[in-house]
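The values are calculated or read from the model by the stated rules, or taken from the named source; none is laboratory data. These numbers were taken from a predicted model, which means no experiment stands behind them. Cβ coordinates were reconstructed from backbone atoms using ideal geometry, including for glycine residues, and neighbour counts include every protein chain displayed. With ligands, DNA and RNA removed, areas are computed over all heavy atoms of the protein, side chains included. Shrake-Rupley method; radii C 1.70, N 1.55, O 1.52, S 1.80 Å.
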Amino acid sequence: NDAVEAAAVRAGLTGATVARLAAAPVVLGMSDTTSLDYSAHPATAGLGHLEQQWRHGVLLHTVLAVTAEGLPVGVLSQQWWARDPAQAGQRATRLQRPTAAKESQKWLNAVAEATAAVPPEALLVLVGDRESDVFDLFA
């Protein structure tokens, strides 16, 4: 629907999540990336390659707010993108490129968005898998 902006939908979700976190002293921000595979829909435009060049879709990086007791509360941050086919094969140069020029930037963006969303009196603990082992994120 061209009348609906993705940013407005995300803002509504985040606002509702923050409202439910009002009394939570500790918030776990569970963060990971999901591949949305649309390879079975070859007529779909705007897709990029996924883990294999022959698979096509979009990537979705989400930070899910969870209470310290393990109750899922909602989404704090969400980014999606399609890989540019012209950028394929750059893995060999990843150590020469700054984080801002790589998909790793998603982790820093997620931290910024989640931190801005959580009330300042709450302790936000961000949780990521081994893919979040990014020096700029730790720094």
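Can you tell me the Rg and Dmax of the stretch 1-48, counting just the alpha carbons, in angstroms?
16.3, 47
Heavy-atom accessible area per residue, the stretch 47-139, 1.4 Å probe: how many Å²?
In whole numbers, the stretch 47-139 has 62 Å² accessible per residue.
With r defined as the distance between the Cβ atoms of Trp81 and Leu13 and R0 fixed at 22 Å, what FRET efficiency is calculated, to the nearest 0.05?
0.75
When all alpha-carbon pairs of the chain are counted, what percent fall beyond 22 Å?
The proportion of pairs with Cα distances above 22 Å equals 47 percent.
Which one, Gly46, Leu60, Gly70, is farthest towards the positive end of the dipole of the chain when Lys and Arg carry +1 and Asp and Glu -1 on their Cβ?
Most positive-ward Cα: Gly46.
Using DSSP to define loop residues, name the chymotrypsin sites (Phe, Trp or Tyr not before Pro) in the stretch 1-104 whose beta-carbon has at most 12 other beta-carbon atoms within 10 Å.
In loop regions of the stretch 1-104 (DSSP not H, G, I, E or B), the sparsely surrounded chymotrypsin sites (Phe, Trp or Tyr not before Pro) are Trp54.
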